[in-house]
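Single-structure report; data block below.
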Amino acid sequence: MFPESCTDYGYEACKATSDWLLEQAPVRPLVGIVCGSGLGSLAGMLKDQKVFMYNDIPNFPQSTVHGHAGRLVFGTLKGKPCVCMQGRFHLYEGYPIHKITMPMRIFKLLGVQVVILTNAAGGLNQDYKVGDIMVIKDHINFPGFAGNNPLCGPNDERFGTRFPCMSDAYDRQLRQLAQEVGAELGYSNFLKEGVYSVLGGPSFETIAECRMLNRMGADAVGMSTVHEVIVARHSGIRVFALSLISNKAVMDYTSEEKANHEEVLETGEQRAQQLVKLVSTLVSRISQPADL
Ligand code: HPA
């Protein structure tokens, strides 16, 4: 009756996977981290690691993109139990949207309370430079406008309500904390805050599309994160998300620039250390009971 993808990745499948992981995982994670393109080194900051290849995890999707390793890493960060996805899933890989977001439900069942998502994105805001880090304060969900939302289909109340609120999707306290941590680390000149717009990809945007997105209020454009955010918020997980501005979206017909995946990966490598430092310091600061 319902498309198979809505129910195939439902509560029972997620529970079986989280039980399987918890039997072997060294820690029960409170923080979940998702590494974006070129940002896989974030997982390296975890101590006492236990690594699962996606291929070995029952019901877990497989990653196909160059620059995404496809490993789930458990460990501790400054003593705090974490789980880290090294490699995520995208609509353009051809997965059903419910499968892309299934890891957020597995996180929930593992006990995760805060999820930190990272991505590489094209800068639309003319003040942004390549290498800037944008704290996401809101999103524009273009696939959602066309009916492609990960919560479409029957709602399972064990995860959350039918019509979840999204006006508070990006946790204000965590954004504030990130700005404080960024200032302390001396990152203020490249730490921004803005609106992320998601498109389906895999083709990069045309000039007209970039101009439209910018006029609609988007500061950056990418092909991920928002679907995961929606599913994480649906189940009550607090969300913090960062975009690394890996290239400037082309907005001008006289420009010779062209968006390409190699540039995205190179920028990730160059800024990765600072991004890792920002995320690890942030995680250490949300360890107070008031925050978790
Ligand atoms: N557009 C869409 N997705 C992206 C971009 C971009 O310019 N850069 C990195 N991911």
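The values are calculated or read from the model by the stated rules, or taken from the named source; none is laboratory data. Note that the structure is predicted; figures quoted are calculated from it, not measured. Neighbour counts run over all protein chains shown; Cβ positions are idealised from the backbone, glycine included.
Among the helices (runs of 4 or more DSSP H) confined to the range 78-187, the ones with at least 1 residues that are of a type in the set (Gly, Ala, Ser) and under 29 Å from residue 45 (Cα atoms) are located at 172-185.
Of all residues in the range 117-176, exactly one satisfies the criterion of being out of contact with any Lys or Arg (no Cβ under 9 Å at 6 or more places or on another chain), among the charged types (D, E, K, R) and under 27 Å from residue 264 (Cα atoms), namely 138.
All of 271, 238, 211, 285 fail the test of being under 16 Å from residue 171 (Cα atoms) and either touching a strand residue (DSSP E or B) at 6+ places or on another chain (Cβ under 9 Å) or within 16 Å of the ligand (Cβ to nearest atom) (or both), apart from 238. Assess whether residue 122 counts as being buried (at least 19 other Cβ atoms within 10 Å of the Cβ) and either more than 21 Å from residue 279 (Cα to Cα) or out of contact with any strand residue (DSSP E or B) (no Cβ under 9 Å at 6 or more places or on another chain) (or both). Against the criterion (buried (at least 19 other Cβ atoms within 10 Å of the Cβ) and either more than 21 Å from residue 279 (Cα to Cα) or out of contact with any strand residue (DSSP E or B) (no Cβ under 9 Å at 6 or more places or on another chain) (or both)), residue 122 does not qualify. Going by the structure shown, is residue 82 within 22 Å of residue 226 (Cβ to Cβ), crowded, with 24+ Cβ neighbours inside 10 Å and in contact with a strand residue (DSSP E or B) (Cβ under 8 Å, 6 or more places away or on another chain)? Judged against the criteria, residue 82 is not a match.
Here is a yes/no grid of residues against (1) under 30 Å from residue 147 (Cα atoms); (2) surrounded by fewer than 22 Cβ atoms within 10 Å (Cβ to Cβ); (3) touching a residue at least 24 places away in the same chain (Cβ under 8 Å):
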position	(1), (2), (3)
223	yes, no, yes
227	yes, no, yes
235	yes, yes, yes
245	yes, no, yes
265	no, yes, yes
272	no, yes, yes
276	no, yes, yes
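Does the range 70-86 contain any residue that is within 14 Å of the ligand (Cβ to nearest atom) and hydroxyl-bearing (Ser, Thr, Tyr)? No, that holds for no residue. For the range 115-128, residues that are away from the ligand (no atom under 14 Å from the Cβ) and over 18 Å from the mean Cα position of the chain (by Cα) total 2. Among the conditions (1) within 11 Å of the ligand (Cβ to nearest atom); (2) assigned to a helix (DSSP H, G or I); (3) touching a strand residue (DSSP E or B) at 6+ places or on another chain (Cβ under 6 Å), residue 224 misses just one, which is (2). Of all residue pairs spaced 6 or more apart or on separate chains, those with beta-carbon atoms under 8 Å, a first member in the range 110-135 that is at pLDDT 95 or above and aromatic (Phe, Trp, Tyr) and a second member that is in a strand (DSSP E or B) and within 13 Å of the ligand (Cβ to nearest atom) are 128/134; 128/220; 128/245; 128/248.
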